[in-house]
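Notes follow once the structure below has been shown.
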Amino acid sequence: MDEIVSLDTFQPFDGMTKMFPHHNFPYFSCDYNLFLTLARYFDKDELPILNNVISIYRFNEQKIQTRGYFKLEVLELKEGDQILEEMGISIRKISPSLDTLQDEIINSISRGHPISIFIDLFYQRGRDFYYNKKHGLHPVFVYGFNLTNGEIYTVDDITEYRQYSLPFSEFKCSCLTSEHVKMPDYFWEYSLVPPGNDENLNLNNNKSAHTTINTFVENMCRYQDEITEGLNNILLLAENYERVITNETITETLSSTIYRKCSEKYRLNTLYKYNLDHTNAKDTLDPLLDQIINDWKTVRFYSNKAIMSQTFTGEIIDKCMGLFTKIYNNEVHFHHQFYLMLEAASLKS
């Protein structure tokens, strides 16, 4: 047997990194980074994955003292497994014993099949928030094994979304813990559905990018009222900002909003390549979206400044209130132009 068994062409999805260098932003969530990495490895179109998400601003006054009081909520239109199956990628889910885990990994990789293994983050070095502090299941890609030195090769987002190597003995400790009661089948193997084996796949393969764009337009229009009404929640956050700035989750809340807006930008810029924009909206939409992202970053900066100094002054609150109003107005302008573009696209189809 070879000393190293590896999927040499397996590379992490890097679209967000290319658009936003020096940031560790996922496309909406670590699950979507995983799907997009699989699409690249199996040479599949990423549009069905990009189009599966609708994002809506939410505010819940009842949660101001805890978490989840404000978010850019992610709605998934289909289950991840279903999207992959429609793209022609099948998933085999099993729960090998720790004694057979190494053999299962080597067998899968030898067949050209990447694996995601759900680990307990309590045992993963480098995760400051979790390591030896907090339990939580998280999918890690495994694409190689070094039999000589007992190392396993993974794709993960510990510090950034990239390739890692670590001792298998250490990795094994994070598998099959008490946390895995929530997900007993912790080992997922991905492979291509053989041609002709799936009627749905054959139908799906006949769909053009044009059809996929139409699906995106239909989905966005179906949620148009909810998305545009959700913009008012930015103003509700502004009204309650003096109360939430003392909540220790404010930085996490704002960071999540920022990377989800960045995800919207990545999707939009990908969709432009498929003849979505018949109104030259890009020249208006891109600067607006950049301004919205930058203003959310500025709110985070001022919020962090207030928290670090424990100075919750009127000046900082006033600055942020002004930024929230600006973000709201830009979002209203953005969505007006965005839906005009989608309307023109649907008329052209």
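Solvent-accessible area assigned to carbon and sulfur over segment 119-194 amounts to 53 percent, based on a 1.4 Å probe.
Ligands, DNA and RNA are left out, and with a 1.4 angstrom probe the accessible area of the chain is 49 Å² per residue.
Across segment 186-195, rounded Karplus estimates of 3J(HN,Hα) from the backbone phi angles (6.51 cos²θ - 1.76 cosθ + 1.60, θ = phi - 60°) give 8, 10, 10, 10, 10, 8, 6, 6, x, x Hz, Gly and Pro being marked x. Taking label points 7 Å from Cα along the Cα-to-Cβ direction, residue 311 and residue 73 give a separation of 3.8 nm. Protein heavy-atom surface of segment 249-339, 1.4 angstrom probe: 50% of the accessible area is carbon and sulfur, with nucleic acids and ligands not counted. I need the fraction of alpha carbon pairs in the chain separated by more than 26 Å, rounded to a whole percent. Roughly 56 percent, once rounded to a whole number.
Loop-located trypsin sites (Lys or Arg not before Pro) across segment 86-195 with a Cβ neighbour count of 13 or fewer within 10 Å are 111, 125, 133, 134, with loop assigned by DSSP. Loop-located chymotrypsin sites (Phe, Trp or Tyr not before Pro) in segment 120-191 (DSSP state not H, G, I, E or B) with no more than 10 neighbouring Cβ atoms inside 10 Å: 129.
The values are calculated or read from the model by the stated rules, or taken from the named source; none is laboratory data. The shown structure was predicted, so the numbers you read here are calculated from the model rather than taken from an experiment. Neighbour counts run over all protein chains shown; Cβ positions are idealised from the backbone, glycine included. Protein only, heavy atoms only, side chains kept; ligands, DNA and RNA dropped before computing areas. Shrake-Rupley method; radii C 1.70, N 1.55, O 1.52, S 1.80 Å.
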